[in-house]
Every structure is written in structure tokens, then in C-alpha cells.
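The values are calculated or read from the model by the stated rules, or taken from the named source; none is laboratory data. Since the model is a prediction, treat every value here as computed from it, not as a measurement. Cβ coordinates were reconstructed from backbone atoms using ideal geometry, including for glycine residues, and neighbour counts include every protein chain displayed. To get the accessible areas, we keep the full protein, side chains included, count just its heavy atoms, and leave off ligands, DNA and RNA. Shrake-Rupley method; radii C 1.70, N 1.55, O 1.52, S 1.80 Å.
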Amino acid sequence: MHTHRVLIVKAGNPKKIHSPNQLKGLVVAVQTGTKYEEYLKALKAKIGFTLQGYPGDNDAVAQVLLGRADAVLTQDTSFAFQAKAHPGKIAVAFTFAASDQFGIYYRKADAGTLGQQIKDGVGTLRSNGTLTKLATKYKIPVSTVK
């Protein structure tokens, strides 16, 4: 699956954030230990903002909901999950053009059995339209679900 990085803000985008360069002087939350945190650390050095790290994505998004952060950098799939959990309370302020790729991981020793079962299962979900329905339901761009 391909996902895109997004900046999540409070619904209505009260700080009028439309690009990462508009984070100057604001408070940005992120899940620690991620490539998103690495990106934000480099950006912070260039434009200046307060960066808050949290152990999980839910924790980072909660900071926007509570008003302790102005934005969160995460992925569109996380936004879809959070938007369902908090309807009408958050929005995507900016979607990055570059995509990240995710897959299903399993041990190399399981490639012959479990790996094939997963591959077959995903193939069935793709061919019967279930992946498309799930992407639509969770507001994930259908074109990114492979």
C-alpha cells in the first residue's frame, strides 16, 4: 500500500497551515522514532517551531485535539482512522506529494506457507473489490491500495 504524509490540524484549520513552511513558530507533534520525526527535526532547524515527540501516533494526534499542538505529521491512513474516531474534529491541512510504501511482514521461514496464504488472501480482497470498499470507507485514496 502506498500512503502519503499529511499534516493534521484542528477542523477548520484555525492556524491556516497550507504547507510545512507555515509551521514557523507553531507547536508540532509527532510519533517519536519515526522518519516523520527525522524530517521535522531537519525542518525545525531551518524554520523554527516547537517539536513535541510522543510514543504513539494516537498520543500525537491527541495533542491537536487537546489544543496543545497546532499540527501533527503522520500518514493519510492514520488520519482516516483518527477522523473516524473523532468525527469533525480534525482535518488534513497539507498532503505531501511523495508517498511511503507499506506491506505485510512475516518471517522468511514462513514464506512458503503463511506468505503464500497472505498473498492469496490479499489477491482475493483485491479481485472481489473489498480493498477498494475499505479504502473508500476509510477515505484512503483508492489508487494507493495495490
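If the condition is being open to solvent by 60 Å² or more (accessible area, probe 1.4 Å) and touching a strand residue (DSSP E or B) at 6+ places or on another chain (Cβ under 6 Å), then segment 100-146 contributes only Gln101.
If only one of Leu73, Leu23, Leu51 is at pLDDT 95 or above, within 14 Å of Ala91 (Cα to Cα) and open to solvent by less than 50 Å² (accessible area, probe 1.4 Å), which one is it?
Numbers: Leu23 fails: within 14 Å of Ala91 (Cα to Cα); Leu51 fails: within 14 Å of Ala91 (Cα to Cα).
Going through Leu73, Leu23, Leu51 in turn, just one is at pLDDT 95 or above, within 14 Å of Ala91 (Cα to Cα) and open to solvent by less than 50 Å² (accessible area, probe 1.4 Å): Leu73.
If you go through segment 26-39 and keep only what is open to solvent by 40 Å² or more (accessible area, probe 1.4 Å) and touching a helix residue (DSSP H, G or I) at 6+ places or on another chain (Cβ under 6 Å), you end up with just Gln31.
Taking segment 1-34 as the range and being more than 20 Å from Gly67 (Cα to Cα) and in contact (Cβ under 8 Å) with a residue 40 or more places away in the chain as the test, the residues that pass are Met1, His2, Thr3, His4, Arg5. For segment 51-74, a residue qualifies if it is among the polar types (S, T, N, Q) and in contact with a helix residue (DSSP H, G or I) (Cβ under 8 Å, 6 or more places away or on another chain), and the qualifying residues are Gln52, Asn58, Thr74. Here Ala91, Ala60, Ala97, Ala42 are screened, and the one residue that is outside any strand (DSSP E or B) and surrounded by fewer than 19 Cβ atoms within 10 Å (Cβ to Cβ) is Ala42.
As for segment 87-99, it holds no residue that is within 22 Å of His2 (Cβ to Cβ) and charged (D, E, K, R).
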